[in-house]
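To start, the structure under review is shown below, and the notes come after it.
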Amino acid sequence: MSPAKLATAAQASFPDTDLHIMGIAAEYPEHICSTQDFKEFCLRNYPRTPALEKLLMVHENTGIETRRTACHFTDPFLNGTSPTIDQLSDFYLKYGVELAVGASRKAIEEWGGDVSEITHVVATTCTNSANPGYDYFVARELGLGDRVERTLLHGVGCAGGLTALRTAANIALGASFMQRPARILVIACELSSLLVRSELDSMQETGELRIGVSIFSDGASAVLLSNGIGESPDAKPVYDLLGWDHLTVPETHAEIGFDVHPAGWKVILTPKVPAITATGAPPVFASLVPRIPALLTDGVAPGAADFDWALHPGGAKVLTSVQKVLGLTTQHLRASYETYRTKGNSSSATIFSVMNRLRQPDMGEGRKNVVACAFGPGVAIEMAILKRVKDVAPHADVAASSGSSDSG
């Protein structure tokens, strides 16, 4: 069945869900990696081969000017002997947890509630496989209660942020049905830069180009979702969550992947990905929007250009391909392009960062409603429709260790 037929299958409409994002934040590590930094790192650790030369050429043309990394590319951890999988996990459970805690605290601060009110945590990552998961350590650092219900999602890759939000929304609706409050902390954290050595080692062994290391970066982000029951009348949402949808494009599982390997992780990104995302996003949008009564005017649904778009910046071609097929401008995708240019692709953590970026004053006056859309292994397409409530972000995306402000 085609993506269009799948997306137009009979689905329930969204009456007023009364779900609200009360806080949202992103946290990036302090280290900034430029194109020159990456080139020097590669040549310091590997001989010049045709594959490496091609990778460096690709890297110079990604459209990414700087990326954030939890470990600077001059650090001994990434130089000399490649780190082992257990060393990478230990690194994540220290520095990744720190980033996730930082993003969570900022989202909670904007919400204005107390951590004792948090009922659930829904987290995602594709760059760590520890048990208990990193969400356990984040909950402990935040001082969350022992009865907070934790859910950790794996295998959803770059779509993970919106997959976690969708999961949280369904949990919140269940709580509403039971007439119970739900305050759900949704967390995404990725240390994607740690894949660099295993990827480059493989490239040297096989001679095959591996482009993942040219676009991925590190970061964490968080949102606080509320079902409104018992919420303080003084609390003002950032966004109202109006509706959401998911689509797995058939027979595309081999096009995007991120699998564990004895020396790290391996990224699969085929040249078909931009076309798949551009083909899949429009039918999901066309199916979702008419099912949200609050968006309709005399029964007519708005078009794609009537929304701001928080589109996951999975690559320059992904952005331009989706933009073209939906008839959008770069202004519609301004936060996605800016995040991609200055931060790169932080996998699941990126989408909340883009949503937060849209709120910052230098993004200009925004449209009332926002489409958030991300893509992950499957190929899975996640989409959510948001209504702006509180525009100005209290936090820029701050470097975790340095404390310096960053407007991206």
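Derivation of every value follows stated rules applied to the coordinates shown; laboratory data play no part. In this text the structure is predicted, and so the values were computed from the model without any measurement. When we count neighbours, we look across all protein chains shown, and the Cβ atoms used for this are built from the backbone with ideal geometry, even at glycine.
Taking DSSP loops as anything outside H, G, I, E and B, show the longest stretch in the chain free of GluC sites (Glu not before Pro) there with at most 16 other beta carbons within 10 Å.
Numbers: sites that count: Glu30, Glu65, Glu208, Glu251, Glu365.
So the longest stretch without any such site is 66-207.
Given charges of +1 on the Cβ of Lys and Arg and -1 on the Cβ of Asp and Glu, with all other atoms neutral, how large is the dipole of the range 25-226 about its Cα centre, in debye to the nearest 20? Can you show the working numbers first?
On the way: 17 positive and 25 negative charges, 77 e Å.
The dipole of the range 25-226 has a size of about 380 debye.
Relative to the first principal axis of the alpha-carbon coordinates of the chain, what is the inclination of helix 334-343, with its axis defined by its Cα atoms, in degrees from 0 to 90 and to the nearest 10?
With both axes taken from Cα atoms, the answer is about 30 degrees.
Find the relative contact order for the chain and round it to a whole percent, using C-alpha pairs within less than 8 Å whose residues are 6+ positions apart. Walk me through the numbers before you get to the answer.
Details: 906 pairs, mean separation 106.7, N = 408.
RCO, the chain: 26 percent.
For a footprinting-style exposure proxy, rank Arg150, Arg48, Arg68, Arg210 by other Cβ within 10 Å, fewest first.
Arg48, Arg150, Arg210, Arg68
Using just the helices of the chain, give the 222 nm mean residue ellipticity in deg cm²/dmol: DSSP H runs with n ≥ 4 each add -39,500 (n - 2.57), and the total is spread over all residues, rounded to 500. Display every interim value, and only then the final one.
Details: 12 runs with 132 residues, N = 408.
Value at 222 nm, helices only, nearest 500: -10000 deg cm²/dmol.
Going toward the positive end of the dipole of the chain, with +1 on Lys and Arg Cβ and -1 on Asp and Glu Cβ, which of Val115, Leu326, Ala372 do you reach last?
Result: Leu326.
Which of the listed residues, Gly160, Gln204, Phe216, is farthest toward the dipole's positive end in the range 25-226, when Lys, Arg count +1 and Asp, Glu count -1 at the beta-carbon?
Highest projection toward the positive end goes to Gly160.
How far apart, in nm, are two points set 7 Å out from the Cα along the Cα-to-Cβ line at Val260 and at Asp298?
It is 5.8 nm.
Reachable lysines from Lys387, Cα under 20 Å, same-chain residues fewer than 8 places away excluded?
Straight-distance partners of Lys387: Lys236, Lys368.
Have a look at the DSSP beta bridges in the range 25-226 and tell me what percent are antiparallel, nearest 5. Please list the in-between numbers first.
Details: 16 of 26 bridges.
That works out to approximately 60 percent antiparallel.
Whole angstrom only: what separates the Cα centroid of the range 24-55 from the Cα centroid of the range 292-330?
Cα centroid to Cα centroid, the span is 32 Å.
Using the alpha-carbon atoms, what tilt in degrees (0 to 90, nearest 10) does helix 50-60 show relative to the longest principal axis of the chain?
40
Could you size up the charge dipole of the chain around its Cα centre, putting +1 on the beta carbon of Lys and Arg and -1 on that of Asp and Glu, and report it in debye to the nearest 20?
On the way: 34 positive and 44 negative charges, 136 e Å.
In debye, rounded to 20, the chain gives about 660.
Output the 0 to 90 degree angle, nearest 10, between the alpha-carbon long axis of helix 273-288 and the longest principal axis computed from the alpha carbons of the chain.
That works out to roughly 10 degrees.
Looking at the chain as a GNM with Cα springs under 10 Å, which of Val392, Val213, Val249 has the largest mean-square fluctuation?
Val392
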